[in-house]
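Reading through the structure tokens given below for one structure.
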Amino acid sequence: MTQLLVIIAYLLLMLVIGYAANRLSRGTAVDYFVASRSLGPVLLLLSLFSTTMTAFALVGSTGRAYTLGVGVYGLLASASGIVHSLCFFLIAVPLWSLGKRHGYTTQIQFFRDRLDSDWIGVLLFPFLVGLVVSYALLGVVGSGAVVSNVTKGAFAGCGWFPQSAYGVPAPIASAVVSLVVFVYVIFGGMRGTAWANALQTVLFMSFGVVTFVVIANSLGGTDDFLENVRQAFLATSEAQRSRAKIPKPLFLSFLFIPLSVAMFPHVFQNWLTARSAGAFKWPIVGYPLMIMALWLPCVSLGVWASAPSSGVPAGTSENQVLAALVHQHAGPLLAGLLTAGVLAASMSFDSQIIAVGTMFTEDVVVHYAPAGRFSDRQIIVMTRLFITAVLAVTLALSLFPRAVFDLGLWSFSGFTGLFPLVYAALYWRRLTAAGAMASVAATVAIWSVLFYRSGFGQNAKYAFPESPIPLVGQWVVPPMLPVVTILCVSTAALVSVSLCTPPPSSGTLSKFFRD
Amino acid sequence: MRYATWLFVCLLVVLHQDYWQWNDASLVGGLLPSALAYHAGLSILAAVVWWLVTRYSWHEELEVDTVEEPRA
């Protein structure tokens, strides 16, 4: 019951933040959607970090390290430290500048202007919303799994929820967390979301370190923390301490996954909140270190959980590993606080929800309705209804269990397929609307085919080509993550169709390129 | 210096593919598995390289040129 009370207190705190942000709101659209472009470097770093480090980073990384071993850190943490900062430098800063200069609040506004085409928005909107929903699903599934696991036994006295071991059933936990996120996103806007994200970063970083220390000391059983860490690793198999379970081509192909950050709508919206270009320096430099501070403990915990002495039952599902460790090795109060930390990470799907609402408002309602057709009040009601519908769909999808890690990979692969589009829009004058639309269509098509071939994400080991393709001599094309194929097809469509169609007008180009 | 910093970024990508210690299960310093210690070190190196990039290859023109225009 203590865990449950701590979780309730944390959720109430989030609501207070939304209320406080609402009270400080300037009442303008630019304040609601991009916090009046006023965030300094520290708040930008904390908010961005929370936005990108969702349940995937805590629940997903721990669970996959439980299965694959320490190599999971190299698969995504060190790769993201290189590639995320690269994307912030090459994509975020120029987009922030264009967004501020031309007043953009969504990616689609930028692409419509840059490509002088309305249709690119029609094509991008449903795909981006679909991918954001699959990304938000990570948070919904992750938060439900964690709350359900750590509250086991909380209702034993009154005999409620026997089917979930007298804990809060995962679907109910997911629904309550989603409701809290909904309320503070609706009332707090981007400012409330940024504040909540910053607090969430501080919480999950600090609680992550506490979890690591507490569980290491519990597993090692001595007074020396470093000796406990050593013992915890020595208790695991050699395969878990090396990368024996990870094929090398797969490791290489994971390097492309973090490119997805360049096309996340919620991250784009976060970029626009920056006060100046210089505010990006902290995120660019700090990201690799913060990712390390979060992933190193999480991956270690996952590896430790695989040892028989950890007390985590063999065959535990990946989504349950972190919660099972916490449940085994921490007291009720600490378990509640640690769960609040995990929830903090899981709840960062708030920025995905506000991004979807902003896209609907700006790219559909405001874009297509004649000026004055709808009042501000009507637009806000429509936006809230759309966000409600998106959350309802996300909750419904959360009833079909998938590993958080795999859900994330498919979502990220779709976004990575759109990387050539944003890169070319910023750096290639010859990009045409037809080339951009061909790239988006190719991404949608190839992503859908591969997702279908993987059994809609059920096959966690799905790779493409499905078997090695022989080339000349000893050379073969090995099976790799689907993201590699998606990226290649998307790039080929973008370049070939752009070169076969008339170049954009000089008037359009002059808005986006210096001579 | 601009080209040198970008060379460092490419070097990070190459160093990320550390195939030579693939099956090494030993603990570095008796504490962390070698793959984990190596990639944690790579994260620290990445922060240093990105600091160099922000120091020597920064978008100075965007710092002064970005003026807000009303959206049509």
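Among the residues of the stretch B:22-37, the one identified as more than 8 Å from every other protein chain (Cβ to nearest Cβ) and not small (Gly, Ala, Ser) is B:Val28.
Within the stretch B:1-14, the only residue that satisfies the criterion of being more than 8 Å from every other protein chain (Cβ to nearest Cβ) and open to solvent by less than 10 Å² (accessible area, probe 1.4 Å) is B:Thr5. Within the stretch A:223-247, the set of residues being open to solvent by 40 Å² or more (accessible area, probe 1.4 Å) and either aliphatic (A, V, I, L, M) or touching a residue at least 60 places away in the same chain (Cβ under 8 Å) (or both) comprises A:Leu226, A:Leu234, A:Ala235, A:Ser237, A:Ala244, A:Lys245, A:Pro247. The number of residues in the stretch B:20-30 that are open to solvent by less than 70 Å² (accessible area, probe 1.4 Å) and not acidic (Asp, Glu) comes to 6. For A:Val489, indicate whether it is open to solvent by 40 Å² or more (accessible area, probe 1.4 Å), in contact (Cβ under 8 Å) with a residue 12 or more places away in the chain, in contact with a Ser or Thr (Cβ under 9 Å, 6 or more places away or on another chain) and under 28 Å from A:Asp113 (Cα atoms). Yes.
Reported count of residues in the stretch A:115-136, each being touching a Lys or Arg at 6+ places or on another chain (Cβ under 8 Å) and open to solvent by less than 20 Å² (accessible area, probe 1.4 Å), is 2.
All of (1) closer than 21 Å to A:Gly121 by Cα; (2) at pLDDT below 85; (3) surrounded by 22 or more Cβ atoms within 10 Å (Cβ to Cβ) hold for A:Ala345 with one exception: (1).
Each residue in the stretch A:496-515 was checked for being open to solvent by less than 60 Å² (accessible area, probe 1.4 Å), within 17 Å of A:Val422 (Cβ to Cβ) and either in a helix (DSSP H, G or I) or among the basic types (Lys, Arg) (or both), and 5 of them qualify. Give the number of residues within the stretch B:31-49 that are open to solvent by less than 40 Å² (accessible area, probe 1.4 Å) and either in contact with a His (Cβ under 8 Å, 6 or more places away or on another chain) or under 22 Å from A:Cys298 (Cβ atoms) (or both). Residues that pass the stated criteria total 13. Close contacts from the stretch B:4-19, counting a first residue that is within 17 Å of B:Leu36 (Cα to Cα) and a second that is loosely packed, with under 13 Cβ neighbours inside 10 Å and of a type in the set (A, V, I, L, M, F, W, C), with Cβ to Cβ under 7 Å and a gap of 6+ residues or different chains, come to none at all.
Within the stretch B:58-70, the presence of a residue that is assigned to a helix (DSSP H, G or I) and either at positive phi or modelled with pLDDT of 90 or more (or both) is excluded. Restricting A:Val303, A:Val285 to those that are crowded, with 22+ Cβ neighbours inside 10 Å, within 9 Å of chain B (Cβ to nearest Cβ) and in contact with a Lys or Arg (Cβ under 9 Å, 6 or more places away or on another chain) reduces the list to A:Val303. Taking the stretch A:37-57 as the range and being of a type outside the set (Val, Ile, Thr), part of a helix (DSSP H, G or I) and open to solvent by 10 Å² or more (accessible area, probe 1.4 Å) as the test, the residues that pass are A:Arg37, A:Pro41, A:Leu43, A:Leu45, A:Leu46, A:Phe56.
Close Cβ contacts (under 6 Å, 6 or more residues apart or on different chains) running from residues in the stretch A:86-110 that are over 13 Å from A:Thr273 (Cβ atoms) to residues that are among the charged types (D, E, K, R) and open to solvent by 10 Å² or more (accessible area, probe 1.4 Å) comprise A:Arg101/B:Glu69; A:Gly103/B:Arg71; A:Thr106/A:Glu362.
Starting from residues that are of a type in the set (S, T, N, Q), in a helix (DSSP H, G or I) and more than 12 Å from chain B (Cβ to nearest Cβ), keep the ones in the stretch A:217-268 and report whichever is nearest to A:Leu426 (Cα to Cα). Filtering the stretch A:217-268 for residues that are of a type in the set (S, T, N, Q), in a helix (DSSP H, G or I) and more than 12 Å from chain B (Cβ to nearest Cβ), the one nearest to A:Leu426 (Cα to Cα) comes out as A:Ser260.
Every listed requirement among (1) open to solvent by less than 10 Å² (accessible area, probe 1.4 Å); (2) not in a helix (DSSP H, G or I) is met by A:Gly435 save one, (2). Considering each residue of the stretch A:269-282, count those that are within 12 Å of chain B (Cβ to nearest Cβ) and part of a helix (DSSP H, G or I), and give that number. Result for the stretch A:269-282: 6. From the list A:Pro370, A:Pro332, the one residue that fits, being closer than 19 Å to A:Ala9 by Cβ, surrounded by fewer than 22 Cβ atoms within 10 Å (Cβ to Cβ) and either in contact with an Asp or Glu (Cβ under 7 Å, 6 or more places away or on another chain) or not basic (Lys, Arg) (or both), is A:Pro332. Criterion first (within 12 Å of chain B (Cβ to nearest Cβ), open to solvent by 10 Å² or more (accessible area, probe 1.4 Å) and more than 20 Å from the chain's Cα centre (by Cα)) does A:Leu68 satisfy it? Against the criterion (within 12 Å of chain B (Cβ to nearest Cβ), open to solvent by 10 Å² or more (accessible area, probe 1.4 Å) and more than 20 Å from the chain's Cα centre (by Cα)), A:Leu68 qualifies. Number of residues in the stretch A:163-210 that are modelled with pLDDT under 80 and of a type in the set (A, V, I, L, M) equals 5. Taken together, A:Thr62, A:Thr106 contain a single residue that is within 24 Å of A:Gly341 (Cα to Cα) and of a type outside the set (Lys, Arg), which is A:Thr62.
Report yes if some residue within the stretch A:109-124 is within 24 Å of A:Val444 (Cα to Cα), within 14 Å of chain B (Cβ to nearest Cβ) and among the polar types (S, T, N, Q); otherwise report no. Yes. Within the stretch B:48-72, residues that are closer than 30 Å to A:Ala371 by Cα and of a type in the set (A, V, I, L, M, F, W, C) sit with their Cβ atoms under 9 Å from residues that are modelled with pLDDT of 55 or more and surrounded by 12 or more Cβ atoms within 10 Å (Cβ to Cβ), at 6+ positions apart or across chains, in these pairs: B:Val67/A:Lys100; B:Val67/A:Arg101; B:Ala72/A:His102; B:Ala72/A:Gly103. Here B:Gln17 clears all of (1) under 20 Å from the mean Cα position of the chain (by Cα); (2) more than 24 Å from A:Leu226 (Cα to Cα); (3) surrounded by 13 or more Cβ atoms within 10 Å (Cβ to Cβ) except the condition numbered (3). A:Leu325 satisfies every condition listed in (1) under 23 Å from the mean Cα position of the chain (by Cα); (2) in contact (Cβ under 8 Å) with a residue 12 or more places away in the chain except (1). Is it true that A:Val202 is part of a helix (DSSP H, G or I), open to solvent by 20 Å² or more (accessible area, probe 1.4 Å) and more than 14 Å from chain B (Cβ to nearest Cβ)? It is true that A:Val202 is part of a helix (DSSP H, G or I), open to solvent by 20 Å² or more (accessible area, probe 1.4 Å) and more than 14 Å from chain B (Cβ to nearest Cβ). When the residues of the stretch A:273-308 are filtered to those that are of a type in the set (Ser, Thr, Tyr) and modelled with pLDDT of 90 or more, the one that is farthest from A:Val213 (Cα to Cα) is A:Tyr287.
The values are calculated or read from the model by the stated rules, or taken from the named source; none is laboratory data. Given the structure is predicted, the values throughout are model-derived calculations rather than measurements. Virtual Cβ from ideal backbone geometry, glycine too; neighbours counted across all protein chains shown. What goes into the accessible areas is simple: the full protein's heavy atoms, side chains included, and nothing from ligands, DNA or RNA. Shrake-Rupley method; radii C 1.70, N 1.55, O 1.52, S 1.80 Å.
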